[in-house]
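Okay, so here's the structure we're looking at.
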Amino acid sequence: MDFANENDRLGLRDVLAFYAQAGVDDALVEEPINRFAASEAPPTPAARQPDVAKAAAPEPRTGEQASPLAFAAPRPPVAVPDEGQIAIARQRAATAATLDELRQQMAEFEGCNLKFTAKNLVFADGNPRADIMLVGEAPGRDEDLEGLPFVGRSGQLLDRILAAIGLDRQSVYIANVIPWRPPGNRTPTPQETEICRPFIERQIELANPKVLVTLGGPSAKTLLHTTEGVMRLRGNWKAHVTASGVTIPAMPTLHPAYLLRNPAHKKFAWRDFLEVKAKLKTLT
Ligand code: URA
């Protein structure tokens, strides 16, 4: 790209730095789109559609043909989060008799708008028959690209934590409350969490681990039905009760991403995982 002057180049650098800080780290299309030119053009029939549908409509993915006219192109079905979608998610989750069926049900579910901006469904990693199941909040960029949970920096720290107590990916089962990356890694809305809740709850029920470990506050709040902060929760055994009434001991602990930012708190996670290890000995 040619720059008429040094100021343009520096301006662009500042804008890109601002985007990176704001979490805008993914190009959706190959070529820039002049949205100002698009808004000056006469409205297309699609542009006259109700605002809600437009707001929830997915952006084109990297590599797809895109131009201002893309606004007029037919779009895949649009999901607007609502109570109905929670009921559909619940029904789909209950229908799944195995983890493979659950993955299939989730892949076919169109009721969560996060799916339309994510590149992949991030279902699980590890051993579904493991004694320990770990549940995080939502995939980040690396997880979205690979379709696997905890493969980025926090995943690497998680691997080191597991190794410290003699475990690895094949001796645990790992999933997230939200299986699609929220755009720009934003916090999932309460409604998105409620739409995804039936899936993670069924995933836990089908995996039926001996011990559940919630990673970070959002996972603890969702799966343990509490509003207490993770700092107060962590280190204390709680219970996760499945839809069929099975009680699974649950240990809330700190999220690896938090530990990367607050390394002095790794000692707490270390204690929590030692508790988990001790608990497993009493259960086997
Ligand atoms: N953080 C999470 O909560 N889950 C992931 O899979 C990655 C980062």
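The values are calculated or read from the model by the stated rules, or taken from the named source; none is laboratory data. Since the structure is predicted, the reported quantities are computational estimates derived from the model, not experimental observations. Backbone-built Cβ (ideal geometry, glycine too); neighbour counts: all protein chains shown.
Only one of these is touching a Lys or Arg at 6+ places or on another chain (Cβ under 9 Å) and in a helix (DSSP H, G or I): F268, F273. Name it. Outline the logic, then answer.
On the way: F273 fails: touching a Lys or Arg at 6+ places or on another chain (Cβ under 9 Å).
Every option except F268 fails the conditions.
Just give me the residues in segment 127-150 being within 24 Å of K277 (Cβ to Cβ) and within 12 Å of the ligand (Cβ to nearest atom), in sequence order.
Pass one, segment 127-150, residues within 24 Å of K277 (Cβ to Cβ): 127-137, 149-150.
L134, V135, G136, E137, P149, F150, listed by residue number.
Give the number of residues within segment 125-152 that are on the phi > 0 side of the Ramachandran plot and not hydrophobic (A, V, I, L, M, F, W, C).
Within segment 125-152, the first condition is being on the phi > 0 side of the Ramachandran plot, and the residues that meet it are 126, 147, 150.
Next cut, not hydrophobic (A, V, I, L, M, F, W, C) only: 126, 147.
Residues that pass the stated criteria total 2.
Determine, yes or no, whether A269 is under 30 Å from Q85 (Cβ atoms), over 18 Å from the mean Cα position of the chain (by Cα), in contact (Cβ under 8 Å) with a residue 12 or more places away in the chain and crowded, with 18+ Cβ neighbours inside 10 Å. Don't jump to the end; show me each part of the working.
On the way: under 30 Å from Q85 (Cβ atoms): no; over 18 Å from the mean Cα position of the chain (by Cα): yes; in contact (Cβ under 8 Å) with a residue 12 or more places away in the chain: yes; crowded, with 18+ Cβ neighbours inside 10 Å: yes.
Against the criterion (under 30 Å from Q85 (Cβ atoms), over 18 Å from the mean Cα position of the chain (by Cα), in contact (Cβ under 8 Å) with a residue 12 or more places away in the chain and crowded, with 18+ Cβ neighbours inside 10 Å), A269 does not qualify.
Quickly run through segment 177-197 and pick out the residues that are of a type outside the set (V, I, T) and within 12 Å of the ligand (Cβ to nearest atom). Steps first, answer last, please.
First, the residues of segment 177-197 that are of a type outside the set (V, I, T): 179-186, 188, 190-192, 194, 196-197.
Of everything in segment 177-197, those that are of a type outside the set (V, I, T) and within 12 Å of the ligand (Cβ to nearest atom) turn out to be P179, W180, R181, P182, N185, P188.
For (1) crowded, with 19+ Cβ neighbours inside 10 Å; (2) touching a Pro at 6+ places or on another chain (Cβ under 8 Å), each residue gets a yes or a no:
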residue	(1), (2)
D100	no, no
M106	yes, yes
F116	yes, yes
K119	no, no
D125	yes, yes
L134	yes, no
G140	yes, no
L145	no, no
P149	yes, yes
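Working only within segment 213-242, note down all residues that are in a loop (DSSP other than H, G, I, E, B) and either more than 16 Å from the ligand (Cβ to nearest atom) or more than 23 Å from F150 (Cβ to Cβ) (or both). Quick ask: steps written out before the conclusion?
The first filter runs over segment 213-242 and keeps only residues in a loop (DSSP other than H, G, I, E, B), leaving 216, 225-229, 234-237, 242.
Of everything in segment 213-242, those that are in a loop (DSSP other than H, G, I, E, B) and either more than 16 Å from the ligand (Cβ to nearest atom) or more than 23 Å from F150 (Cβ to Cβ) (or both) turn out to be H225, T226, T227, E228, G229, G235, N236, W237, T242.
Could you check, for segment 105-120, whether at least one of its residues is at pLDDT below 90 and away from the ligand (no atom under 16 Å from the Cβ)? Don't jump to the end; show me each part of the working.
At the first step, the residues of segment 105-120 found to be at pLDDT below 90 are none.
Scanning segment 105-120 turns up no residue that is at pLDDT below 90 and away from the ligand (no atom under 16 Å from the Cβ).
I need every pair where a residue in segment 207-223 that is touching a residue at least 40 places away in the same chain (Cβ under 8 Å) and more than 25 Å from E101 (Cβ to Cβ) has its Cβ under 8 Å from the Cβ of a residue that is hydroxyl-bearing (S, T, Y) and assigned to a helix (DSSP H, G or I), sequence separation at least 6 or different chains.
If the second residue must be hydroxyl-bearing (S, T, Y) and assigned to a helix (DSSP H, G or I), the pairs left are G216/Y258; P218/T193.
Working only within segment 243-265, note down all residues that are within 16 Å of the ligand (Cβ to nearest atom) and assigned to a helix (DSSP H, G or I).
Within segment 243-265, P256, A257, Y258, L259, L260, R261 meet the criteria.
Can you name the residue in segment 151-161 that is more than 11 Å from the ligand (Cβ to nearest atom) and free of Cβ contacts under 8 Å to residues at least 12 places away in the same chain and is also nearest to R181 (Cα to Cα) among such residues? Spell out the reasoning first.
From segment 151-161, those more than 11 Å from the ligand (Cβ to nearest atom) are 159-161; that's our starting set.
Still in the running and free of Cβ contacts under 8 Å to residues at least 12 places away in the same chain: 159-160.
Working: D159: 21, R160: 24 Å.
This residue is D159.
Of the residues I204, I200, I174, which single one is within 16 Å of the ligand (Cβ to nearest atom), in contact with a His (Cβ under 9 Å, 6 or more places away or on another chain) and closer than 21 Å to E101 by Cα? Talk me through it step by step, then tell me what you get.
Values: I200 fails: in contact with a His (Cβ under 9 Å, 6 or more places away or on another chain); I174 fails: in contact with a His (Cβ under 9 Å, 6 or more places away or on another chain).
Answer to the selection: I204.
Among the candidates V177, V172, which residue alone is buried (at least 19 other Cβ atoms within 10 Å of the Cβ) and touching a Cys at 6+ places or on another chain (Cβ under 9 Å)? I'd like the intermediate steps shown before the answer.
Details: V172 fails: touching a Cys at 6+ places or on another chain (Cβ under 9 Å).
Being buried (at least 19 other Cβ atoms within 10 Å of the Cβ) and touching a Cys at 6+ places or on another chain (Cβ under 9 Å) holds for just one of V177, V172, which is V177.
Six or more apart or on different chains, Cβ atoms under 6 Å: show the pairs whose first residue is in segment 108-137 and closer than 16 Å to I178 by Cβ and among the acidic types (D, E) and whose second is within 13 Å of the ligand (Cβ to nearest atom) and in a loop (DSSP other than H, G, I, E, B).
Note: pairs meeting the criteria are D125/L148; D125/P149; E137/V177; E137/G216.
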